[in-house]
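Structure, as structure tokens:
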Amino acid sequence: MADDVFDEFLLGGELPVRRLGLGTGGLVGPGYWGPRGTRTEARALLLTAVERGVTLIDTADNYGPGLAEELIAEALHPYGERLVVATKGGVVRTGPDRWHAAGRPEQLRAMCEASLRRLRSESIGLYQLHRFDPAVPEAEQLGALAQLRAEGKIRHIGLDTVSAGQLRRALEVVPVAAVQNPYNLLDRSSAEVLALCAARGIAFLPYYPLGSGALARESAAAVAAVAAGHRAGPGQIALAWLLHHSPVLCPTPGTGSPAHLAENLDAAKIRLTPQELSGLDALGE
């Protein structure tokens, strides 16, 4: 696998991002609610990530709510040409782990404009619909995003938690640059969506790339054996496998720990052999 293919992806066919990015759910409290640690610690971690070469920061308006976007702006604004901040809208929060779809066009516009203010930006590199609202026609939700894109408020459109059928229907309405669905060594439930993304050149940002941390703490014997051979942790092997598995996979693991951030980013240095990949691939069968 060539290093340029391994390291970068052209988002929307034109915007280069490093394939291993940073998610910001780890910068807020349990249930994605309230703070976790101090703002100074969060800003330092974001700065370290960018200094290490991260060019894709994945966040959402409801992490905090609002807090993660504010921290990104405090630490990284002005962003420069290479840094892409991806955020989401389309749900409202009423407490820890309490999510409610809100996909009416006027709601999506208000959420996007609020994100622009918090991020101190005139345009969002990747704006993702966090969930399709079942009470609103899909075409209306996509049309709202298309209008925001036409106005220059968002550069690329993404979708979060979609089926292959929803993605196919969406592609008939708007250009989709990215999808964010669960996918990791042990969870291949979105394999059909991944195949469609690969065929269409769409970035796939796997959420829970470490299985909510389980793959970093403990794993199958096959993962442990590969990790030992590379003097790496199981979480690093899980991330390296994603980078090898498909060139459209762009994992953005989240953390609030500087040590864990360094460990995650070092996973990009690991080159797995065909035999190792074969054994790891079999875990999802």
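Values in this text are rule-based calculations from the coordinates and carry no lab data. This is a predicted model, so every value here is computed, not measured. Every residue, glycine among them, receives a Cβ derived from its backbone with ideal geometry; neighbour counts consider all protein chains shown.
Stokes-Einstein, applied to the Kirkwood radius of segment 1-124 over Cα pairs at a viscosity of 1.002 mPa s and 20 °C, places its translational diffusion at 141 µm² s⁻¹. Calculate, in whole percent, how much of the Cα-Cα pair population of segment 85-172 lies beyond 19 Å. Considering segment 85-172, 33 percent of its Cα-Cα pairs are separated by more than 19 Å. Segment Ser189..Thr40, full-extension length gain: 49.9 nm, with 0.36 nm per residue of separation and the alpha-carbon distance subtracted.
Rounded to the nearest 5, what % of the DSSP beta bridges within the chain are antiparallel ones?
Values: 9 of 32 bridges.
Looking only at bridges with both residues in the chain, the antiparallel portion is about 30 percent.
In whole percents, the pair-distance distribution calculated for the chain from its alpha-carbon pairs, binned every 10 Å from zero, is 7, 30, 37, 21, 5, 0. Report the Cα centroid-to-centroid distance between segment 225-282 and segment 157-174 in angstrom, as an integer. Each part's Cα centre sits 28 Å from the other's. Based on C-alpha pairs under 8 angstrom that are at least 6 apart in sequence, the chain has a relative contact order of 18 percent. With angles folded into 0 to 90 degrees, how steeply does helix 39-51 sit against the dominant principal axis of the chain? Use alpha carbons for both and round to 10. Between helix and principal axis, roughly 60 degrees. Which one, Leu27, Gly80, Thr161, is farthest towards the positive end of the dipole of the chain when Lys and Arg carry +1 and Asp and Glu -1 on their Cβ? Of the candidates, Leu27 comes out farthest on the positive side. Compute the long axis of helix 67-76 from its Cα atoms, compare it with the longest principal axis of the Cα atoms of the chain, and write down the angle in degrees, 0 to 90, nearest 10. Helix 67-76 and the main axis of the chain meet at about 80 degrees.
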